[in-house]
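See structure below.
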Amino acid sequence: MGRAEPVGAGGGGDETGKTSWPEVVGWSVQRAAARINGDRPDVSVTLMYSNPPWPPGHNPWRVVVISNEAGVVVKTPVIG
């Protein structure tokens, strides 16, 4: 028995190969999440505020978006 994978995972469901989104720095978290989901529907978006500790463990199906208190992306979102 293996680990469950998101729908579209495992078969190369990623058409773009994107692993980071530098273009969304300065955008609202909502707009950034929509872009990331549009580019990579096979990953989930985790929103974090300020500069919290990174979520534990690398997760190839997660993109972490860090924003300030105003909801503006302040660091390049990356897979992990």
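For the reader, a short list of remarks on this structure follows.
- Considered as a group, the residues in segment 62-74 that are surrounded by 14 or more Cβ atoms within 10 Å (Cβ to Cβ) and part of a loop (DSSP other than H, G, I, E, B) include one that is nearest to the chain's Cα centre (by Cα), and that residue is Val74.
- Among residues of segment 48-74 that are without any contact (Cβ under 8 Å) to a residue 24 or more places away in the chain and on the phi < 0 side of the Ramachandran plot, those with a Cβ under 6 angstrom from a residue that is small (Gly, Ala, Ser) and in a loop (DSSP other than H, G, I, E, B), sequence gap 6+ or separate chain, pair up as His58/Gly80.
- Of all the criteria given as (1) at pLDDT 95 or above; (2) more than 9 Å from the chain's Cα centre (by Cα); (3) not basic (Lys, Arg), the one not satisfied by Val45 is (2).
- Odd one out for Pro52, checked against (1) surrounded by 13 or more Cβ atoms within 10 Å (Cβ to Cβ); (2) at pLDDT below 75; (3) not polar (S, T, N, Q): (1)
- Of the residues making up segment 47-71, those that are more than 15 Å from Gly26 (Cβ to Cβ) and among the β-branched types (Val, Ile, Thr) number 2.
- Of all residues making up segment 28-54, the number that are in a loop (DSSP other than H, G, I, E, B) and β-branched (Val, Ile, Thr): 1
The values are calculated or read from the model by the stated rules, or taken from the named source; none is laboratory data. Since we're looking at a predicted model, the values are computed, not measured. Note that each Cβ is placed from the backbone with ideal geometry, even for glycine, and that neighbours are counted across all protein chains shown.
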